[in-house]
Amino acid sequence: MERSLIILKPDAVQRGLIGPILTRIEQRGLRIVGMKLIQIDEALARRHYAVHEGKPFFDSLISYITSGPVLVLVVTGANVIEIVRSMVGATNPVKAAPGTIRGDFALEIGRNLIHASDSPENGEMEVNLFFRAEELVDMRRSADQWIYE
């Protein structure tokens, strides 16, 4: 099973979209194994977005992600990276398909509501950046037999 880090960014929290977004994740059948509401500090933000350092939008990205509380969660499941990325939609909400989180709820790239890991390797790295092992649960659900073959 893969793991993905998802961050409901400050705009999602401020707009009251935690419930609708979590509902989509749960209804899809993904397992939430860790979740916490935090305020990301600048040091953590810089580590998380290090791949973008030096790009023109880096400083505004750091300012934005540290501007308010975020909900970070770890989801697990078969092919979870690809599944979550398809649920989230294109980075630019203008290009995000209807039915995706960004396609349904976002309008601008700088306020695109959600982050999701883009590879299994980054998923593991990001999970370890935001969560200690003891903060994650090994949960089995009775419904899993109806979700996975």
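Any read-out appearing in this document is the output of simple, stated calculations on the displayed coordinates, not a laboratory observation. All values reported here derive from a predicted model rather than from experimental measurement. Backbone-built Cβ (ideal geometry, glycine too); neighbour counts: all protein chains shown.
Filter the stretch 42-56 for residues that are under 16 Å from Lys9 (Cα atoms), of a type in the set (A, V, I, L, M, F, W, C) and without any contact (Cβ under 8 Å) to a residue 40 or more places away in the chain and give the result.
Ala45
Are any residues in the stretch 83-102 surrounded by 14 or more Cβ atoms within 10 Å (Cβ to Cβ) and either touching a residue at least 40 places away in the same chain (Cβ under 8 Å) or of a type outside the set (Ser, Thr, Tyr) (or both), and if so, which ones?
Ile83, Val84, Arg85, Met87, Val88, Gly89, Ala90, Pro93, Ala96, Ile101, Arg102
Yes or no: the stretch 121-133 includes at least one residue that is within 19 Å of Leu22 (Cα to Cα), surrounded by fewer than 12 Cβ atoms within 10 Å (Cβ to Cβ) and either in contact (Cβ under 8 Å) with a residue 40 or more places away in the chain or touching a helix residue (DSSP H, G or I) at 6+ places or on another chain (Cβ under 7 Å) (or both).
The answer is no; no qualifying residue exists.
For Arg3, indicate whether it is within 30 Å of Arg140 (Cβ to Cβ), in contact (Cβ under 8 Å) with a residue 12 or more places away in the chain, out of contact with any strand residue (DSSP E or B) (no Cβ under 8 Å at 6 or more places or on another chain) and not in a loop (DSSP other than H, G, I, E, B).
Values: within 30 Å of Arg140 (Cβ to Cβ): yes; in contact (Cβ under 8 Å) with a residue 12 or more places away in the chain: yes; out of contact with any strand residue (DSSP E or B) (no Cβ under 8 Å at 6 or more places or on another chain): no; not in a loop (DSSP other than H, G, I, E, B): yes.
The answer is no for Arg3.
Among the numbered criteria (1) over 18 Å from the mean Cα position of the chain (by Cα); (2) surrounded by 19 or more Cβ atoms within 10 Å (Cβ to Cβ), which one does Tyr148 miss?
Going through (1) over 18 Å from the mean Cα position of the chain (by Cα); (2) surrounded by 19 or more Cβ atoms within 10 Å (Cβ to Cβ) one by one, Tyr148 breaks only (2).
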